[in-house]
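We did not get these values from a lab; they are worked out from the coordinates using the rules stated. All values derive from a computational prediction rather than experimental measurement. Because the Cβ atoms are built from the backbone with ideal geometry, glycine has one as well, and the counts that use them run over all protein chains shown.
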Amino acid sequence: MKLAPMKIPPPPPETPMTTPALLFDAVSKNYDGRQALNALSWELGRGEILCLLGPSGCGKTTTLMIAAGLLREDSGRVFLRGREVSGPKNFTPPEKRGIGFVFQDYALFPHMTALDNAAFGVSGGRAAGRAAAQETLKTLNLDDKAHLYPHDLSGGEKQRVALARAIAPSPRIILMDEPFSNLDRHLRERLREKTRAILREKGASCLFVTHSSEEAMWMGDRILLMRGGRIVQQGKPQELFDKPADISAARLFGEINLVSAAICRNGGGLEARSASLAMPATGFRDGDKALLAIRPEAFSLVSEGGGGGGDGDGSGDGNGALSLKGRVLEARPMGGDAILALAAEGFPMPLKARIRNRALPRVGEKVQMRLSPDMMFLFAETPQEE
Ligand code: ADP
Ligand code: MG
């Protein structure tokens, strides 16, 4: 969608640093009776880069448009530095919100040079605008392109001009809608780093939309994982990797092996059993069926002859149960790591393991693997939408 970028006035007076830069309180939005946002609540901290991550159609753009005031919510309220800017009784128009916006499709003015595009939203007169634009273009290594029109710029250059236009007025909040998704990988990675550096330097808060978990991991201080107009999980990137809320969330941050497990009583507690594997299970009942997700990185090769290279090797404790025997079906070196496909005893499907590429076993060899419980996740066996 093409939208004219907004003029950005100077930001309103400061409120205490603890007040979130931007806050959604139970915001809902329907399009033609279909719910796009379902009572969405979240907050963006001061100076924080928050990545809104989710598949296409989950409501990311709708969220940004409502935050910017380019779209009105059906219910709920939006707060900017503690002040209500949208709600049943209030509506502050986009040009009075002091928010910068970078669109996915650049949305540059075709009849303006890169410099004039970048200067567009800066208040304080033409000279001030050009000075701020010039400096921002320089930061983005575009100073030699300032006189060019959008049709003479490459995709990457256009996107940097769009970035400059959002940044030049020094807004406290910048919203970015999949800004790098049209660029090639190399450029995307460079721009991510540059953007992070600029945001940090300016102390701006940023809500950054992406459908790439890798990009969210790179960019985000925190990640807000969305699906179907709702928040599935939020936290630091590592928290989402270490404690995924469901199977789809686990898949998003890396491959998984998914095997069925049965919950049974073991002494005073419950455990999940899957072939030779057994691990403590909380939040289940005896007799439940569960699914166990195992990251390929959970596996490590037990050295030839068993023991794992030492005395006191945890024999008999809970960890001792996290090992399995299998035959190597495939072994593929991948630089520092190697990928193994294993026919593991008791499992109907081959398991995928990622191990350090040292002493790589041969195809056909029988191996013993140890599994690290922090890369194994137990989920209730309920049908899930992807
Ligand atoms: P995302 O940015 O995550 O891909 P959007 O916020 O664009 O998702 O869209 C969320 C849902 O709302 C989708 O199902 C989409 O088809 C629908 N939608 C978005 N904009 C409109 C619109 N203007 N009219 C009708 N439906 C829309
Ligand atoms: Mg979108």
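Please sort by residue number the trypsin sites (Lys or Arg not before Pro) in region 183-286 whose DSSP state is loop and whose Cβ has at most 15 other Cβ atoms within 10 Å.
Working: sites: R185, R188, R190, R192, K194, R196, R200, K202, R222, R227, R230, R251, R265, R273, R285; in loops: R285.
Here the sparse-neighbourhood loop sites are R285.
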Build a GNM of the chain with springs between Cα atoms under 10 Å: which of V122, V363, V161 gets the top mean-square fluctuation? V363
Charge dipole (the chain, unit charges on Cβ, about Cα centre) - positive-most of G283, S372, F101: F101
Provide the per-residue ³J(HN,Hα) series for region 169-182, in order, calculated from phi with Karplus coefficients 6.51, -1.76, 1.60 and θ = phi - 60°, each as a whole number of Hz, with x at glycine and proline positions. x, 6, x, 6, 10, 10, 10, 10, 9, 6, x, 10, 5, 8
Which residue fluctuates the most in the chain, going by a Gaussian network model with Cα springs under 10 Å, if the choices are P350, P171, P150? P350
If you filter region 331-382 for trypsin sites (Lys or Arg not before Pro), then keep DSSP loop positions with at most 11 other Cβ within 10 Å, what is left? R358, R362
Is there a pair in K243/K325; K289/K325; K243/K366 whose C-alpha atoms are over 25 Å apart, and which pairs would that be? K243/K325; K243/K366
Measure out, as a whole number of angstrom, how far apart the alpha-carbon centroids of region 149-202 and region 323-342 sit. 40 Å
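Just from its helices, what would the mean residue ellipticity at 222 nm be for the chain, if runs of 4 or more DSSP H residues each count -39500 (n - 2.57) and the sum is divided by every residue, rounded to the nearest 500 deg cm²/dmol?
Values: 8 runs with 79 residues, N = 386.
Mean residue ellipticity at 222 nm (helix-derived): -6000 deg cm²/dmol.
What do you get for trypsin sites (Lys or Arg not before Pro) in region 32-136 restricted to DSSP loop and a cutoff of at most 15 other Cβ within 10 Å of the site's Cβ? All intermediate terms of the calculation are to be shown ahead of the outcome.
Details: sites: R34, R46, K60, R72, R77, R81, R83, K89, K96, R97, R126, R130; in loops: R46, R72, R81, K89, R97.
When the trypsin sites (Lys or Arg not before Pro) of region 32-136 are filtered for loop state and at most 15 Cβ neighbours within 10 Å, R72, K89 remain.
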If you take the Cα Rg of the chain and divide it by 2.2 N^0.38 Å, with N the number of residues, what do you get? 1.21
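Filter the cross-link list K145/K202; K138/K202; K60/K89; K29/K236 down to pairs whose alpha-carbon distance in this structure exceeds 19 Å.
Numbers: K145/K202 23 Å; K138/K202 15 Å; K60/K89 25 Å; K29/K236 27 Å.
The pairs that break the limit, which is 19 Å between Cα atoms, are K145/K202; K60/K89; K29/K236.
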GNM of the chain, Cα pairs under 10 angstrom: of V367, V27, V78, the biggest fluctuation goes to V367
